[in-house]
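Take a look at the structure set out below.
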Amino acid sequence: MGVTIGPGGYFLNFTSYGVQINGGHEVMMDRVWLGETNFDYDHVAFAHRPNATAIAINGNDHYVTHTIVFSSRVGMLVRGAANNIRGVHVWFPLNHATAFPDTKAFYVTAGGNRFDGCYIDGGRGVFERAGLVRNVWTNGFECCQIGKEAAGTPHSGIVLVGNIVGPGFEVVHNEFKKPVQHYPFVRDGVLGARPYDAASDGPLKVTGSVIAHNSVIEGALGTQATLSQSRTNATSWSFNFCKSLVFPQIAVVRVHVVAASGFPQAVARPPSGCRVIVETNVPMTGTITVDVDSSAPSTKFH
């Protein structure tokens, strides 16, 4: 307790950890640069796998602010709760991080943390199992992966690993290049090679969580989505949300009707995966809008 690192610091050529915080409370780290190699070292050209973790937090109530990680296998590892990570920028020499299957810009395995204004620069921000509960990632930025990711591994950006999400998991108000991804498992420290499949991966439970209000260049995926259809003299309306949702399920459906004439009644049938059918009691000309949410309501999140 009471340790301050910075403001100002430069950690270079570490082989295991740059900074490791074990236990304790209220360690403050501010305006520090860290790299296991120089910023221009070409890991791909030299076939040199990165090995080190730049910052590891194995405790609660710590602060890391305005800090740059420019080379490491794992940039920021968080295994505790009530930590405040703000303005941390993690990149990798030549932005080749995803060429290696086990690199992670941010790696979060515990809940109850806040990430504000952090920058995933060509790498992966991985929230795994317990890290999918009571964590908030907001006002962040992601872009700039160069080259193809390692075969069977996720591209850069936020990656969710596990089948129980929430309550209290939020990814909101960010600017991303690539969409949020969900994978069911980790094998030998490497992210699973395929997305979630209900038949082989078991039940998926998402409660009290929000992935929404993010600007995504390559197409946003979230827990919430809206689709509209305008039709003439129709009684059945089919909506496919599979290209809009991170999780292939729908927990909540809301239907809005604008009819050209009369007072038709509309009802949503129980969702099938990420698809919804709405039926009206009479042929209708107009517009039906459907809002869905993959996350079920929770008394622990409002």
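Scanning the stretch 228-252 for residues that are under 23 Å from the mean Cα position of the chain (by Cα), of a type outside the set (S, T, N, Q) and crowded, with 17+ Cβ neighbours inside 10 Å turns up 241, 245, 246, 247, 248, 250.
Against the list (1) crowded, with 22+ Cβ neighbours inside 10 Å; (2) touching a Leu at 6+ places or on another chain (Cβ under 7 Å); (3) not small (Gly, Ala, Ser), the condition residue 36 fails is (2). Could you list all residues from the stretch 54-67 that are β-branched (Val, Ile, Thr) and open to solvent by less than 10 Å² (accessible area, probe 1.4 Å)? Selection gives 55, 57, 64, 67.
Applying the selection to the stretch 139-150, what residues are closer than 17 Å to residue 217 by Cα and open to solvent by 10 Å² or more (accessible area, probe 1.4 Å)?
139, 141, 143, 144, 145, 146 - these are the residues of the stretch 139-150 that are closer than 17 Å to residue 217 by Cα and open to solvent by 10 Å² or more (accessible area, probe 1.4 Å).
Selection of the stretch 267-297 for residues being among the basic types (Lys, Arg) and assigned to a loop (DSSP other than H, G, I, E, B) yields only 269.
For residue 31, the requirement of being charged (D, E, K, R), free of Cβ contacts under 8 Å to residues at least 40 places away in the same chain and open to solvent by 90 Å² or more (accessible area, probe 1.4 Å) is met. Listed by position, the strands (runs of 3 or more DSSP E) enclosed by the stretch 68-128 that each have at least 2 residues that are more than 14 Å from the chain's Cα centre (by Cα) and buried (at least 19 other Cβ atoms within 10 Å of the Cβ) are 68-71, 74-78. Taking residues in the stretch 1-26 that are within 13 Å of residue 55 (Cα to Cα) and part of a loop (DSSP other than H, G, I, E, B), and partners anywhere that are modelled with pLDDT of 95 or more and aliphatic (A, V, I, L, M), the pairs with Cβ atoms closer than 8 Å and at least 6 places apart or on different chains are 14/34; 14/52; 14/54; 15/52; 16/52. Search the stretch 151-176 for residues being open to solvent by less than 20 Å² (accessible area, probe 1.4 Å) and part of a loop (DSSP other than H, G, I, E, B), and hand back the single one that is nearest to residue 211 (Cα to Cα). The selected residue is 169.
The values are calculated or read from the model by the stated rules, or taken from the named source; none is laboratory data. Because the structure is predicted, anything quoted here is derived from the model rather than measured. Here the Cβ is made from the backbone with ideal geometry for all residues, glycine too, and neighbour counts use every protein chain on show. The accessibility values were calculated without ligands, DNA or RNA, using every heavy atom of the protein model including side chains. Shrake-Rupley method; radii C 1.70, N 1.55, O 1.52, S 1.80 Å.
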